[in-house]
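Scroll down for the structure; my scribbles are underneath it.
The values are calculated or read from the model by the stated rules, or taken from the named source; none is laboratory data. Just so you know, these numbers come straight off a predicted model, no measurement behind them. Every residue, glycine as well, gets a Cβ built from its backbone with ideal geometry; the counts of neighbours run over all protein chains shown. Surface accessibility is based on the protein's heavy atoms, side chains included, excluding ligands, DNA and RNA. Shrake-Rupley method; radii C 1.70, N 1.55, O 1.52, S 1.80 Å.
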Amino acid sequence: AQGYGARRSMTSRSGIPKEMFKKILLATRGEIACRVIKTARQMGIQTVAVYSDADRDSVHVEMADEAVHIGPPAAAESYLVIDKIIDACKETSAEAVHPGYGFLSEREAFPRALSDAGLVFIGPNPKAIAAMGDKIESKKAAAAADVSTVPGFLGEINSPAEAIKIADGIGYPVIIKASAGGGGKGMRIALDADEVEEGFALAKSEAKSSFGDDRVFIEKFIVNPRHIESQILGDKHGNIIHLGERECSIQRRNQKVLEEAPSPLLDEATRAAMGAQAIALAKAVNYDSAGTVEFVAGQDRSFYFLEMNTRLQVEHPVTEMVTGIDLVEQMLRVAAGEKLGLRQSAVNLNGWAVESRIY
């Protein structure tokens, strides 16, 4: 791995580098930027940090080989400005960009802009990001790939009366969710028709203010649910594997508090079935990086597709600890065009890991 730094990356006609990158830029800050820098350093890859006025003295700026100032504290004027990221790459001769999580990591326009500038995005292709970025469309894609989905209505709902009719047909309790949502925003549980009418209006209003998109959908609410997610990894040659699961059922206001791997709920058969469905969905959208397929599970180990995160997640280290696989290294190798060096049969879970998130 140490030898990679001595070889200059060259891009083929397919847009895939022929050799490992010499220098990458981190379009993020904080813990995840430090995390990526650590693996890049072990692989002999130089790193470039970007920072706003507020982060001038941050640890990731100190750790990186180079650092570029990209603007004032407001993210909308610094970390979210694609042109500033591209200019920083040009200034430092960085060949690829790791988005971390947050900011531009799940914006389809970002990898497209990088590609147009002759740069490599260390993440999935933009079509996969687009396919999984909308909760309604992602559930349709999951259903088409024969992935278990929660009973519900995924079309556009235009009135409270229509919402009540749909909920009556599904059976109570139901949950109303924002299509473009996340973090529990634009989400309401309804136990009867009156609560559907009230929740429909509140969910649409919150979705509009939070995401600029007031579309909502309705599905069956799983009582006493477990939140379990399958970590997947794909390359640009059609190979996809899963690395077991993480459970994040302990939450506060729909935000994860504890993540553990493996899940105490799953047995080997359910783990294999969940992983197979995660792979099926990833193959359906030609996924080609690290990603996470989230499921809601019942106490009887039944499970249903929830959403897909097309990026590295905050809680990825618990998977790394029980599998011994460095996900950042794999993302770098995949982005550089290498085939996965891992087979599903070689993925073994050893021990147990937990991560706590502090508010």
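Worth a mention:
- Residue 288 farther than 25 Å from residue 185 by Cα, at pLDDT below 95 and either assigned to a strand (DSSP E or B) or open to solvent by 10 Å² or more (accessible area, probe 1.4 Å) (or both): no
- Scanning segment 112-127 for residues that are surrounded by fewer than 24 Cβ atoms within 10 Å (Cβ to Cβ), part of a helix (DSSP H, G or I) and hydrophobic (A, V, I, L, M, F, W, C) yields a single hit, 113.
- Unmet requirement for residue 313, which otherwise passes all of (1) touching a Ser or Thr at 6+ places or on another chain (Cβ under 8 Å); (2) open to solvent by 30 Å² or more (accessible area, probe 1.4 Å); (3) assigned to a loop (DSSP other than H, G, I, E, B): (2)
- Among the criteria (1) more than 20 Å from the chain's Cα centre (by Cα); (2) outside any helix (DSSP H, G or I); (3) exposed (fewer than 15 other Cβ atoms within 10 Å of the Cβ); (4) at pLDDT 95 or above, the one residue 272 does not fulfil is (2).
- Any chance residue 333 is open to solvent by 50 Å² or more (accessible area, probe 1.4 Å) and either more than 21 Å from residue 270 (Cα to Cα) or in contact (Cβ under 8 Å) with a residue 40 or more places away in the chain (or both): no
- Checking each residue in segment 31-50 for being of a type outside the set (D, E, K, R), open to solvent by 30 Å² or more (accessible area, probe 1.4 Å) and over 17 Å from residue 93 (Cβ atoms) picks out only 42.
- Pairs with Cβ under 6 Å, 6+ apart, first in segment 291-310 and part of a strand (DSSP E or B), second open to solvent by 40 Å² or more (accessible area, probe 1.4 Å) and of a type in the set (Phe, Trp, Tyr): 296/304
- Taking segment 139-152 as the range and being touching a residue at least 60 places away in the same chain (Cβ under 8 Å), farther than 12 Å from residue 177 by Cβ and open to solvent by less than 60 Å² (accessible area, probe 1.4 Å) as the test, the residues that pass are 141, 142, 145, 147, 148, 149.
- Residue within segment 184-197 that is under 21 Å from residue 139 (Cα atoms), free of Cβ contacts under 8 Å to residues at least 60 places away in the same chain and β-branched (Val, Ile, Thr) present: yes
- Being open to solvent by 20 Å² or more (accessible area, probe 1.4 Å) and modelled with pLDDT of 95 or more is a property that does not hold for residue 131.
- The residues on offer are 247, 260, 320, and the sole one that is among the charged types (D, E, K, R) and either in contact (Cβ under 8 Å) with a residue 40 or more places away in the chain or open to solvent by 60 Å² or more (accessible area, probe 1.4 Å) (or both) is 260.
- Residue satisfying all of: in segment 199-218; among the hydrophobic types (A, V, I, L, M, F, W, C) and either in contact (Cβ under 8 Å) with a residue 40 or more places away in the chain or in contact with a Ser or Thr (Cβ under 9 Å, 6 or more places away or on another chain) (or both); nearest to residue 107 (Cα to Cα) among these: 211
- The set of residues in segment 336-348 that are in a loop (DSSP other than H, G, I, E, B) and either surrounded by fewer than 21 Cβ atoms within 10 Å (Cβ to Cβ) or without any contact (Cβ under 8 Å) to a residue 12 or more places away in the chain (or both) comprises 337, 338, 339, 340, 341, 342, 343, 347, 348.
- Output for segment 71-100, where each listed residue is among the hydrophobic types (A, V, I, L, M, F, W, C) and surrounded by 15 or more Cβ atoms within 10 Å (Cβ to Cβ): 75, 80, 81, 82, 85, 86, 88, 89, 94, 96, 97
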